[in-house]
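Quick notes on the structure that follows.
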Amino acid sequence: MTVASANRVMLLGAPGAGKGTVAKGLSDRFGLTHVSTGDILRKAVAAGTELGREVQSILAAGHLVPDETMIKLLRDRVQEADCRLPDGTPCFLLDGFPRTSGQAEALLRNGLAPEVVIYLEVDDDVIVRRLCGRRTCPGCGNPHHVEFAPPAVAGVCDRCGVKLVQRPDDQEEPIRRRLAAFASQTELLVEWYGDQIERVDGSMPADVVLATVVERLSGKVGLALI
Ligand code: AMP
């Protein structure tokens, strides 16, 4: 059983800052449920649901999905049992939400605001290099990178042998739009969250970034390791 004195943690950072990788490490370690709005939307697109059809072109272009849609999606997701403590307290790790002040306000209104916000800081040029080379396994989700983590056989997942794919929004144009959306609508949340922000240099190797985040969380909020 995991004991956490901070029930809600949020990862803030530009696309490609490493939020997904850190989130996976943290949820393994602290037992917090990883809620990635990008993953939820991509699954909806892949399944061809009504939501998926509505957001497909928005995602591919690298624009933000409207607040109304995102707030409903998030509220529904965190109603589920894996995002609640036995006494009903909301408890989760947010990755990719909130991305606008409207979304941050909605969290507050609904008693879902994060108690700790980890801000992964990475320069834009590093991010573009990371995103352009990113390849994912559609089978197991295992991430690879053509430059930094190339698979043993080019284009094929090391773990399950499935052909790797590139996200449609990991091309140069959408990457530029995603970075612009971050700069104009999301970065201001660093000020919004003020004292709750823990700044971490996200350009370090992934294992060092994760260890730093774990240390900050343990020191600040006393999360107990599983
Ligand atoms: P991510 O996997 O977090 O990089 O998200 C991929 C894409 O999903 C983004 O570029 C947006 O199009 C969309 N998206 C994910 N989360 C949000 C959000 N909180 N608000 C608006 N759009 C989002």
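The values are calculated or read from the model by the stated rules, or taken from the named source; none is laboratory data. Model, not experiment: these values are computed from the prediction. We place every Cβ from the backbone using ideal geometry, glycine too, and count neighbours over all the protein chains shown. Side chains are part of the model used for accessible areas, which takes the heavy atoms of the whole protein and leaves out ligands, DNA and RNA. Shrake-Rupley method; radii C 1.70, N 1.55, O 1.52, S 1.80 Å.
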Original post:
What is the local net charge at Leu189, summed over the other residues whose Cβ is closer than 12 Å to its Cβ (Lys, Arg +1; Asp, Glu -1)?
Top reply: -2
**OP:** Evaluate the charge dipole of the chain about its Cα centre and quote only its size in Debye, nearest 20, assuming +1 on the Cβ of each Lys and Arg and -1 on the Cβ of each Asp and Glu.
**Re:** 540
Subject >> Lys/Arg +1, Asp/Glu -1 at C-beta; region 2-225 dipole; positive extreme among Thr136, Pro90, Gly31 >> reply: Thr136
Original post:
Which whole-number value in Å² is the accessible area per residue of region 2-225, probe 1.4 Å?
Top reply: 50
Original post:
Which loop trypsin sites (Lys or Arg not before Pro) in region 94-202, with loop taken from DSSP, have no more than 14 other Cβ atoms within 10 angstrom of their Cβ?
Top reply: Arg159
Original post:
Which whole-number percent is the relative contact order of the chain (Cα, under 8 Å, 6+ apart)?
Top reply: 32
Original post:
What residues have an amide H closer than 5 Å to that of Glu198, excluding those fewer than 5 places away on the same chain, when H is modeled at 1.01 Å from N in the peptide plane?
Top reply: Val117, Ile118, Tyr119
Original post:
What Cys residues in the chain are without a partner cysteine, judged by a Cβ distance under 4.7 Å?
Top reply: Cys83, Cys91, Cys132, Cys140, Cys160
**OP:** Would you mind telling me the share, in percent, of accessible area of the chain contributed by carbon and sulfur at probe 1.4 angstrom?
**Re:** 52
Subject >> 29 Å Cα cut-off, lysine pairs counted over the chain (separation 8 or more, or different chains) >> reply: 10
Original post:
Can you give the accessible area of Ser57 in Å² (nearest 10), computed on protein heavy atoms with a 1.4 Å probe?
Top reply: 80
Subject >> Vicinal HN-Hα couplings computed from phi for region 69-79 (Karplus, 6.51 cos²θ - 1.76 cosθ + 1.60; Hz; Gly/Pro x) >> reply: 5, 5, 5, 5, 4, 5, 4, 4, 4, 7, 6
Subject >> Accessible surface, 1.4 Å probe, highest first, among residues Asp207, Asp170 >> reply: Asp207, Asp170
